[in-house]
Structure formats: structure tokens, C-alpha cells
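Derivation of every value follows stated rules applied to the coordinates shown; laboratory data play no part. Since we're looking at a predicted model, the values are computed, not measured. Every residue, glycine as well, gets a Cβ built from its backbone with ideal geometry; the counts of neighbours run over all protein chains shown.
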Amino acid sequence: MSIHRTSEVVALIRLRRSLITVAISYGYFLLAFALWRRGAELPPITQAVVIVGAIIAVGGVVLAGREIGLWLMTASLAIATIYLVVDPFVTIAWFQLSVLIAIISLAVVFLFIEHTWTLTISILVSLALFNFFAYFSAPVSLLRSGSFLGRGAVSTLMVLSTNIYALYGWNRMLMRARSNDIKMTNLLTEIKTLEKSQESQKIWRNLVIRVHETTLNTIRSLLTLKDTPIQNLRSAIENSFQQDRLIMRKAQERRSGSVIAAIRAGIDSAALEERVRIISQGVNLHLEAQVADTIERVVREALRNAVEHAAAKNIEIQWRTSIERTQGTGERERGRVQIEITDDGLLPVASKSDGIGTSLVMAKSVRELGGTFTIATREAPTGAGAVVKLDVPTFVTEIEGGAVDFPSYSAIDLGRYMALLTLFGPAMTGVIFFPILGIWWSGQWISQVIGLTTLLYLLMTTFIRMKRLGWIESSVTAIGLLSIIHFLQLDQLNCIQSQPFQWVINSVVYGLFIILLWGKWQIILVAYPIFLYLVAPFHDLIPQECNFIFNFPILNTLFSFLFVAVVFMLVYKSFERLETIRDSRKVKTLELVSDIERNDAAFEKILELDATAQQIIRELLEHTGPLSSDSQNSLRRIDAQLRAEIQIDPVSSSGLTILARAFVNRVTEQNRWMEVRSIHGDEDAREIPLVIRERFFAVTGDVPNGSSIQVIVDNGYAELSLRCGSAIPDSVRDLQKTVQVIQDPEIAVFVHPQSPQEYILVLRREKLSR
């Protein structure tokens, strides 16, 4: 998939076309609304300027795919606005400048992609200064609602605060988008790397199975020739082992530079006869050569130290990995490797840590890679034994990374955040305005305190801390905003005294809109009608000739709400597809990691069983004469385990296949053996009821040596059959009764007596399609 289709920066670039189009359209809508109200009193040239500007803006919309189109839209409204301010032919006040300047400023902010901060800030400051000096010079065309307090200072403050909030938030979205694009690129690289690793594991598995087929053939040959003196077979067995090692070496070459390869190389170079158990957790990451060599040396020295200095008999190596994001495309997966080497040595840890091998070869080499190394007493009742722990990066690099980092964003949250940027400026003007409200309306200190406190809390919580408002916060904040209107005590006003209504209404309504987007919208469904009810009586206190001071903010906030809703939908739709793609890739990555982890665990289990089989055979080679019954029993047990394990697909095997493998393992744990036939093929992931599993495993205690187990998968069912050379035991009858009691229509148990001393137990499960 093309990076442009999944790039968040590209989505923002496309999104700004829509945002600028909506913003400029909203500006011309306000002008058209004003022309509709007062058009009969305006000169034709004034109306023509608005119409020509709108036509130019339409041309900009057509060219919006290029940068020139966006600037054309913005410039058309800006030039039209400048003319309307200085219009020499107009004789009445008919539009509000600060709203248009705020809209133009938002468009300039959205243009900020490739342009410098200096240019953008210069344009925004110039627009704010134009707003101030326009009101300061008091042209005829401007409604006077923004001209009090230093002739336009408050409206200019609103414009500046809108610019600051929008520019900060837009730049924050751009930085977040660039960061998420890097994460998405790394995620794509990670998926490709994991897919290659998964494919190489299939090849590795085939080679591993070939190795163990050699081991299995050797076991079968020994059992077939059990009456032949073992010394006569020694040469053939050694040749077989040599062939085994040759195939294994080729297989390891395919995994050279990996975690498993480094650990196994350390085990091989230690040349121990003691058994070493490996437990794998995580993805078998690629290692830089220096890291692989260090892990090999540490494993070798730790094993030798445990055996030679502490007389350890059992050693366990646990390893796990964590993936870290890469810094660019084409790199191998990076991460960290944690290894724990535990032994049951008899000497205390202090006597082990004195050797030069431990202090220099292990500790120093690990720390030179930027890793950590510790050696401590094993947590055991005797306090004996040691645990060697190391944590190293897969690549030696100066760049520090973190855990796998998926791009995290929500289309809904981004839409809300973008819409918020258009609300903070008008709402937070009240933070400056309420402390000085007494200049016009004396004795309103309750509304002033409540207004300042509520808006500061809203600013701190939503914009600075980016915290969502819960039910309590939304309710308390809404009550605070409504209380501003409720506690106003006003008498009849003149036009000058009425002017603060614009900022009171803006602060309250835009504050409610912030709660709508960043809190509980249900609260606003109740709060907004209450606001209209509370503010209605003040309409009669304002003279008729300047009632626009009251009416315009009410209408403007409603129009602004529609604008905010459109912005939200534009952002949401732009990022909804990216969110879906991101989530699908995240799921795919986690599935690949899970599959590879299961593959690694399965391979290590096979390797462990193979090592056990070879150890048993080597011990047999030290004897003379025919195989004893105990030796035959040992060979048959390991043969059963290996045959069951190599038939398991770590990713797809499920159902009765897994149940059969577990059954074989439980039988061999009881020092008995089975003939394992074909058990692969069942991929039905539905859980088998626990009580049936337990009853089925209870049969293992009554399974005699030589019993056979098989799984057959047909179109409509999967069937596990167990052939035993004994009378039907009570455990089988208990299993039958349990299945009858459960009455699961998809599971059935059949017992077919073949003779008084032989029976076949069949566990059948119907497929879903049946």
C-alpha cells in the first residue's frame, strides 16, 4: 500500500484544503447574512466587492489541490475585508470585523505546513494589529460591539488568543502526524521483517524435522535390532549422528546471527555432557555479530563455570526478547534480549564469581554493549546454585529506542481536538475580560469570580492537560458557566453599557461547546436551553438601535457551532480510514509476533527432545550386549514424544491434535510408551470442555505399553482413536458417563471391544459445518 495513502501528514495536508474551504465559506456566509439584513442600505459597489471576492474564492476551491488555490481563497476574503473596512461609500455600520479576522487567521494557521514560523506568526500578528487599528480609527462600516476598552483591545485579544491556540494545536497535530508516520513506516518494515522471519521458520522447521527423522530412524533401527549386541551397531549409529550434526549445522546457518543460534553455539562450544534445557519466549531476533559473539561467550563461560566449579547437574536457559522500533525503513528488527542461566550447583555463588571468565569475559563484554549483567544466588531451599542474568540490545547503537510503538490516535479524538482549536480563543477571552468587567457593570463581582474561575479550570483541564471531562467535571463546569448569567444584576442599559454582552455570551456559549466536545455532551443538551432561558430577559434592557450587540453573538455562536460540527466531521472522516488501517496492521503485527513465538517454542521443544534422545542413545552405546527392557522402554518413550511433537503445527494445530499430544506426554511421564500414528490435521480451535479433558486424561493411568493413538480428520468430523491391549477399565466408562451427562451434541465417545483384552476408544467431535 502506498505510503501516501496511509500517511497522517498527507492526510493533514489534504484535510487543510477542506478546513480552509469551510473557514472561508463561513466568512462569506457571515457577509452574505449581513448583506441580507442590511443590503438595501448598502451601496452597490460594496455588494459587488463581496460577490467578486466570493467568485475568486470559488476559483480557489477549484484550484485547492495546489497551494495557489488555498492562498487564493484566503487572500480573497482578506482583501475583501480590508476594502469593507475602509469603504468610502458606506454610511451605516453593518458587519463585525473581529469575527472575519479570526476566520482569516484560522485559514492562515491551516496553511502552515511548509512555511516558516516567522512568516506565519508575522501574518497573524499583522491581522490582529489590523483589527485593533480598524476599531481604533472607528470607520463607519464596523459594528461598535468591538470598539470599547481602548477601541478594539478586547476583540484584538480574542483574535490573538484564537491565533495562539490554533497555531499551537495545529503545529502539535503536525508533529504528532510526522511521529506517527515514522511509526507507521517502522510498523510496515516490522511486518515485512516478521513475514520473512515466519517464512524462514518454515524452512527451518522442515530442516529440524529432517534431523529428527534421522534420530527416529536410529531409534527404530535399535529397537528392530534389539537382540543384536549394541557394540556391533556403534559405528552405524555414530555415522547417523554425524549426518544429524551435518544437517543441523546447515539448518543453524540459516539462523546464523539469531538469538537461538547464539545460545546454541554457546552450548555447543561448552562441550558439556550435562543436560541443558532451553525455554524460549519472544521472537528469535537477528543479532549484530558483536552481540551474537558476546552471548555465545557468556553462555559458554556460565555453563562451564556451573559444571566445573559448582558440579551442577541441571542447567536451564530462559530467554525472551522485546522488539523496539527502528529509525527508518529497510532496517532489521531491533530489540533487547534477556537471558537467565540457572543451575543447581552445590557451591554458593560467591565462589563462582571469582574466576576471570565470569568477571572479565561475561560482565565486561556485556557492559561494553550497553547491556546489564548480574549473577546471584538461585532462589532455592538450599540456597545453592546461581542465576546469571544478562540484558543486551540486539544491535549496538547510540540511538535509544522503546518498546514496539504503534501509531496511537483516534479519529474521533482528533476531530474533537481540531474543533476545540476554533473554540478556545473566543471562550478564553473571558479570562482577561471578567476581571475588568466592573469598568462597565459595577457590583457584578459574583459573576466575575465564577466566570474567571470556571474558564481557568476549563483552560487548564482541556487545553493544557488535555484531560477529558467526566460527568462531575462537565456538570460543575456547565453550572459555573450558567451561573455567570444567573448572577448578573442589571438595570436598563445604553449602547455603550451594553457592549460587554458580546464577550459574556461568547465566553459562556463557547465554554459550553468545549464541554460538548471534550466532556459529556448530554450535559449540554440540558445546559444550552437553560442558557437561552437565562439570557432572554436581558434583551429588553438593550436599546433597539443597538440590539445587534445582543442578537449578533447569539446568532454567531449558533453559526459557529455549525462550523465546529463541520470541522469535526471533516477531521473524523479524514482519519477514520487511517485509524482502520493502523488497527489492522497492529493486529497483523501482533499475530505475526505470536505465531513466531509459538514456532520458536515448538522448535525448542523438538530440539530438547532430540537432545534427550541422543543422550539416551549415547548412554546405550557405553554398554555391551543386547538392549535391556529398560533401555527399550526409554527409547520407545522418547520415540513417542518426538513423533507426537513433530506433527504439531505451532500456529494451526488445535483440538484433538493437541489433546492427543498431551495424552502421549502424560503416558510417557508415567514411564510407559505408545505407538504414535498420524495425529495431525485437526485445526478446530473450539475449546474441549474441561471436564471431558480431565476424564480423558484419567485414562492415561490405565493405558498399557504399546497402545496406539491416532487422529483422523474428515469433512464433517475429527476423531481421536485409542487402541489398548487390555480389558475396558473404569476410567473409560467414567469418560462415557461424563459425555452422556454433559450432552454436548458435538462430542461423542464410543468404545469398541475387539476381544476380552483389547478395545478401541473413539472420541469424536463434529465440525461446526455439520
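Take the Cα atoms of segment 652-770, find their three principal axes, and give me the spread along each one in whole Å, biggest first.
37, 29, 24
Ranking request for peptides 476-483, 624-631, 609-616: highest mean number of other beta-carbon atoms within 10 Å first, then the rest in descending order. List each step's numbers first, then the result.
Working: 476-483: 20.6, 624-631: 12.9, 609-616: 18.4.
Per-residue mean Cβ counts within 10 Å order the peptides as 476-483, 609-616, 624-631.
With the calculation restricted to Cα positions, what are the radius of gyration and Dmax of segment 1-142 in angstrom?
Reported Rg and Dmax, both Å: 16.5, 60.
Kindly write out, for segment 165-178 in residue order, the coupling ³J(HN,Hα) from the Karplus curve 6.51 cos²θ - 1.76 cosθ + 1.60 (θ = phi - 60°), rounded to whole Hz, with x marking Gly and Pro.
4, 5, 5, 4, x, 5, 5, 5, 5, 5, 5, 5, 5, 5
Report the extension gain between F487 and Q243 in nm, rounded to one decimal, defined as 0.36 nm multiplied by the number of residues separating them, less their alpha carbon distance.
Numbers: separation 244, 0.36 × 244 = 87.84 nm, distance 9.38 nm.
Between F487 and Q243, full extension yields 78.5 nm more.
Highest mean first, how do 100-108, 226-234 rank when packing is the count of other Cβ atoms within 10 Å averaged over residues?
The most tightly packed comes first, giving 100-108, 226-234.
Just how many % of Cα pairs in segment 554-674 lie over 26 Å apart, if you round to the nearest whole percent?
53 percent
Quick one: pull the percentage of alpha-carbon pairs in segment 611-677 with a separation above 15 Å.
Value for segment 611-677: 55 percent of Cα pairs lie more than 15 Å apart.
Can you give the FRET efficiency for E669 and W471, using 1/(1 + (r/R0)^6), R0 = 60 Å, r = Cβ-Cβ distance, to the nearest 0.05?
On the way: r = 57 Å, r/R0 = 0.94.
It comes to 0.60.
Stretched out fully, how many nm does the piece from I747 to I479 gain, at 0.36 nm a residue minus the Cα gap?
Length gained, I747 through I479: 90.3 nm.
With the alpha-carbon atoms as the only input, what is the per residue convex hull volume for segment 454-543 in Å³?
Measuring per residue, one finds 83 Å³ for the Cα hull of segment 454-543.
Under the rule of at least 5 residues apart or a separate chain, name every residue whose amide H is placed under 5 Å from the amide H of E758.
S726
Loop-only GluC sites (Glu not before Pro) in segment 597-664, please: DSSP not H, G, I, E or B, and at most 15 other Cβ atoms within 10 Å. Walk me through the intermediate numbers first.
On the way: sites: E597, E604, E608, E619, E622, E645; in loops: E622.
Qualifying residues, ordered by number: E622.
Would you mind checking K183/K520; K467/K586; K313/K605; K313/K364 for any pair whose Cα atoms are more than 22 angstrom apart? Mind dumping the intermediate values first?
On the way: K183/K520 32 Å; K467/K586 26 Å; K313/K605 20 Å; K313/K364 27 Å.
Over 22 Å apart, Cα to Cα: K183/K520; K467/K586; K313/K364.
Take I581 and A565, extend 7 Å from each Cα along the Cα→Cβ direction, and tell me the distance between the two endpoints in nm.
My value for the distance between the label points is 3.0 nm.
Quickly work out the D630-to-F33 label distance, labels modelled 7 Å from Cα along the C-beta direction, and quote it in nm with one decimal.
Between F33 and D630, the label points sit 9.7 nm apart.
In nm, what is the difference between 0.36 nm times the number of residues separating L534 and A685 and their Cα-Cα distance?
48.1 nm
Tell me, what ³J(HN,Hα) does each residue in segment 567-577 have, in order and in whole Hz, if you take phi through Karplus 6.51 cos²θ - 1.76 cosθ + 1.60 with θ = phi - 60° and put x for Gly and Pro?
With the stated coefficients, segment 567-577 comes to 4, 4, 5, 4, 5, 4, 5, 5, 9, 4, 5 Hz.
Rounded to the nearest angstrom and ordered from largest down, what semi-axes does the equivalent ellipsoid of segment 13-52 get from its C-alpha gyration tensor (root of 5λ)? If you can, show how the numbers build up before the last one.
On the way: eigenvalues 145, 20, 3 Å².
For segment 13-52, the ellipsoid semi-axes come out as 27, 10, 4 Å.
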